[in-house]
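**Q** Supplied in structure tokens, the structure appears directly below.
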Amino acid sequence: MEKYTIPIEKAVELTPVSSKPDNFTNAQPLWSFAGGYGVYGGSTVAHCLVAAQKTIPSDYVAHSLHCAFVSPGNPKRPIEYRVERTRDGKSFITRTVHATQKAGVISEAIVNFVRVGTYSNKDDIDKTGKLEHGRKMPKGLTLPDQAEMNGKGVDGPFEARWGEILDQISHDLVNTQIRYWVRAKDPIQQRGPQAQLAALAYMSDAYFIGAAVQVHDLSGQTFGTNMAMAASLNHTIYFHHPEAVRADEWMCSERESPWAGNDRALVIQRIWSPKGILVATCVQEVVIHFFYLRFPYRLPTFLAVYAGLLTSPYPGSLACPSAREVETVKVPSPIGGAIGDIINYSLVLGSRCGFPENYDLLLLHRPLLDTS
């Protein structure tokens, strides 16, 4: 994949669909993490917000967004966003956004707006009679330029820094907090909170799902390396102080996971502005599966995938004859790569080629390859 050089302000832009009122589509190519499958969820969330913003008066700002991820999107195809004007009130407005591709609906979002001036700004002097409190930004956090951290050189329109030096580890996993610094790579030129909120929404999904497994990590041991499959089911953002968001400056993101079970997990994220103002809280429900060894069903499936790699007319790819469209999935060379790297792609192949959706395709990975 070519390096993605489009600024986040451009990446979130939408253009009207001709002859379809309140319908919009992405103006720029869609970005995904290297090795990722489907559309990056943050871009869908941001686009739903931007589509809704285009149908409301300029004196309203978003205060919450609730997005359900219905099915994976194809990053090579445009996404169309149809906005339903659910409610127009004097102080609050609600919009429902349907994100679709050729195959059908990929996500649904409800976006709620509040009229500017009907709530108190952070700079108000007279706080008498106002209900106000908020979680404080952690004190003494190491800034990105003060220590060596992970995340440098990662492709995409935003950048993040993370490392054990930022985290707060607890023996009680629900009290472990994983922290990041995150910002847009390029300055955001547009005035007003709308562009800032769209950029924040775009970045809010980055590495979010990982918090559910990161709380299990031990020093030098990464629990998430045994993760076979993870997907976001839904994503919610509460915008607390829209006017204080500066998405092109380093914002502090703190994640935690209060619950996990039944192959699902809940992750919560708090985002503070550079001035320490709590500007947003995000909640996400995810589905996670881990590698495990089960014989004898898995061996035939592996052999089928491996044979497909060897007989495919496309180097390093496996062609799926039963796929509805002609497309291939890039995988590492079976000669130069490990078996486990090939199996990383088996769920994708199975979902496209009619294999049972029971994750038996994720076979023979770490349980067989690891001897420790």
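**Q** Kirkwood hydrodynamic radius (Cα pairs, Å) of region 131-265?
**A** Kirkwood radius, region 131-265: 16.4 Å.
**Q** So what are the ³J(HN,Hα) numbers for region 247-253, from phi and the Karplus equation (6.51, -1.76, 1.60; θ = phi - 60°), rounded to whole Hz, Gly and Pro as x?
**A** Values, residue by residue: 6, 9, 10, 4, 10, 8, 10 Hz.
**Q** What does the convex hull of the alpha-carbon atoms of region 8-290 project to on average, in nm²?
**A** Projected area, direction-averaged: 16.2 nm².
**Q** Given a cut-off of 16 Å, what percent of all Cα-Cα pairs of region 166-213 lie beyond it?
**A** 53 percent
**Q** Quick one: which residues, 5+ away or cross-chain, put their amide H under 5 Å from the amide H of Asp217? H built at 1.01 Å from N.
**A** Phe223
**Q** If amide hydrogens are placed 1.01 Å from N in the peptide plane, which non-local residues have theirs closer than 5 Å to the one on Val279?
**A** Correct list: Ile271, Trp272, Ser273.
**Q** Can you tell me which of 42-50, 138-146 comes out highest on packing, and rank the rest after it, using the mean Cβ neighbours within 10 Å?
**A** 42-50, 138-146
**Q** Could I ask something else about it? In Å², what does the accessible area per residue of region 8-290 work out to with a 1.4 Å probe?
**A** 48 Å²
**Q** Under 5 Å between amide hydrogens, which residues at least 5 positions from His63 or on another chain qualify, with H placed 1.01 Å from N in the peptide plane?
**A** Counting only residues 5 or more places away or on other chains, the set is Asn112, Phe113, Val114.
**Q** Hey, another quick one. Using the structure shown, list the pairs from Lys54/Lys76; Lys54/Lys102; Lys10/Lys130; Lys10/Lys102; Lys76/Lys275; Lys90/Lys139 with a Cα-Cα distance above 30 Å, or answer none.
**A** Distance filter (> 30 Å) returns Lys10/Lys130; Lys76/Lys275; Lys90/Lys139.
The values are calculated or read from the model by the stated rules, or taken from the named source; none is laboratory data. Bear in mind that the values here come from a model prediction, so they are computed numbers and not experimental data. Please note: Cβ atoms are built from the backbone with ideal geometry, for glycine as well, and neighbour counts cover all protein chains shown. Remember, those area values only see protein heavy atoms, side chains included, never the ligands or the DNA or RNA. Shrake-Rupley method; radii C 1.70, N 1.55, O 1.52, S 1.80 Å.
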